[in-house]
Amino acid sequence: MSKNNNYVTEQMFSSRITCHGRITDLSKGFRLLNDQPFSLYIRPKSATTTVVDVLVNVKLYKEDSFSPMPVSIYNWNELMALELDASNANLLEQFEIYWGAGNTGIPANIQ
């Protein structure tokens, strides 16, 4: 079946990851255009780590400011993030960070 024949309901479209990308620069923080919420997947660069979660300074969908939140690694997280703070830039030294969203997500810093 081709992708043109697949039907996706509005509920499936908004609650599933239908677009994604890798975050390679957090020097100015990260967000998607139009305040599109996104989820995170964090993967260690070294397979020998025993870390199970990391603190990410994030602004969630219903919040007005950034705050630290524990985020598990090796798993898509259920959070609805609006923005990652630039203070997370040091995480990219040890981890790969991916974003996933339910609509067409375009990083705000890639226009």
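The values are calculated or read from the model by the stated rules, or taken from the named source; none is laboratory data. Since the structure is predicted, the reported quantities are computational estimates derived from the model, not experimental observations. Here the Cβ positions follow ideal geometry from the backbone for every residue, glycine too, while neighbour counts run over all protein chains shown. Each accessible area value is taken on the protein alone, full model and side chains, heavy atoms only, with ligands, DNA and RNA left out. Shrake-Rupley method; radii C 1.70, N 1.55, O 1.52, S 1.80 Å.
Is it fair to say M80 is open to solvent by 40 Å² or more (accessible area, probe 1.4 Å) and in contact (Cβ under 8 Å) with a residue 40 or more places away in the chain?
yes
Could you tell me how many of the residues in segment 34-75 are at pLDDT below 90, of a type in the set (S, T, N, Q) and open to solvent by 40 Å² or more (accessible area, probe 1.4 Å)?
Count: 5.
Checking R22 against (1) at pLDDT below 95; (2) of a type in the set (K, R); (3) closer than 17 Å to G102 by Cα, which single condition isn't satisfied?
(1)
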